[in-house]
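Before any comments, here is the structure.
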Amino acid sequence: MAPKGAQSIAIPNEADLTRAIELLGGPQVIDSSILEDPLALYEQVARGFPATALEHFINNCPVIAGDPALSQILGPPVAVGCPSSNRQNELLSSYSSDQLWRLAVVVARVERAYGGMEGAQNWLTKPNIWLGWRRPIDLMDSSAGAEMVTDHLKIWLS
């Protein structure tokens with residue numbers, strides 16, 4: 001069953017993108033100019049997000065943070081649990097930044113659909129019949145899998 005108000009959330013909108021920025025630490029970590037300029041997002045991802053973006057995501061999404069799939073999604077160069085003192089000036093790789101952004105947008109969309117983080121994290125970490133009984137979070141480690149998840153969201157939420 002689709003959540004209440006799902007018709008208006010089939011495609012990520014400015015609210016989803018703003019929430020994704022918040023999940024990653026807000027405008028002090030991720031430049032909010034990406035809302036007006038898609039090239040700004042590309043440039044930030046290519047440069048690499050500050051490692052503190054990952055710390056904020058971990059703090060905001062504790063269930064996902066504790067799931068082994070997060071390391072698979074972000075790739076081997078990212079050590080998910082390093083003390084923050086080691087990350088003050090560190091940048092994530094462009095690959096990890098891209099994956100983290102994609103995941104944050106999906107979390108924001110699902111969070112809005114379910115009305116909160118608990119429901120979003122539950123949806124992402126439970127097997128889904130429409131995704132071949134795979135957990136959506138497990139599919140987020142590749143562009144093909146992430147596309148399956150976002151396509152499912154488009155269909156399910158429309």
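The values are calculated or read from the model by the stated rules, or taken from the named source; none is laboratory data. Everything numeric in this text was worked out from a predicted model, so none of it was measured. Every residue, glycine as well, gets a Cβ built from its backbone with ideal geometry; the counts of neighbours run over all protein chains shown.
Those residues that are more than 18 Å from Ser158 (Cα to Cα) and either without any contact (Cβ under 8 Å) to a residue 24 or more places away in the chain or surrounded by fewer than 23 Cβ atoms within 10 Å (Cβ to Cβ) (or both), I need them from the stretch 102-120; list them, please.
Those that are more than 18 Å from Ser158 (Cα to Cα) and either without any contact (Cβ under 8 Å) to a residue 24 or more places away in the chain or surrounded by fewer than 23 Cβ atoms within 10 Å (Cβ to Cβ) (or both): Arg102, Gly116, Met117, Glu118, Gly119.
(1) loosely packed, with under 14 Cβ neighbours inside 10 Å; (2) at pLDDT 95 or above; (3) assigned to a helix (DSSP H, G or I): which one isn't true of Gly26, the others all being true?
Of the numbered conditions (1) loosely packed, with under 14 Cβ neighbours inside 10 Å; (2) at pLDDT 95 or above; (3) assigned to a helix (DSSP H, G or I), the odd one out for Gly26 is (3).
Just one of the numbered conditions (1) over 15 Å from the mean Cα position of the chain (by Cα); (2) modelled with pLDDT of 55 or more; (3) assigned to a helix (DSSP H, G or I) is not true of Leu100; which one?
If we test Leu100 against (1) over 15 Å from the mean Cα position of the chain (by Cα); (2) modelled with pLDDT of 55 or more; (3) assigned to a helix (DSSP H, G or I), just (1) comes out false.
Within the stretch 50-66, can one find any residue that is at pLDDT 95 or above, part of a loop (DSSP other than H, G, I, E, B) and under 25 Å from Ala144 (Cβ atoms)?
Yes, there is a match, as at least one residue in the stretch 50-66 is at pLDDT 95 or above, part of a loop (DSSP other than H, G, I, E, B) and under 25 Å from Ala144 (Cβ atoms).
If you scan the stretch 143-158, which residues turn out to be crowded, with 21+ Cβ neighbours inside 10 Å and touching a residue at least 60 places away in the same chain (Cβ under 8 Å)? Lay out the reasoning, then the answer.
Within the stretch 143-158, the first condition is being crowded, with 21+ Cβ neighbours inside 10 Å, and the residues that meet it are 149, 153.
Of everything in the stretch 143-158, just one residue is crowded, with 21+ Cβ neighbours inside 10 Å and touching a residue at least 60 places away in the same chain (Cβ under 8 Å), namely Leu153.
Filter the stretch 126-142 for residues that are over 13 Å from the mean Cα position of the chain (by Cα) and part of a helix (DSSP H, G or I); which is surrounded by the most Cβ atoms within 10 Å (Cβ to Cβ)?
Per the criteria, the residue is Leu131.
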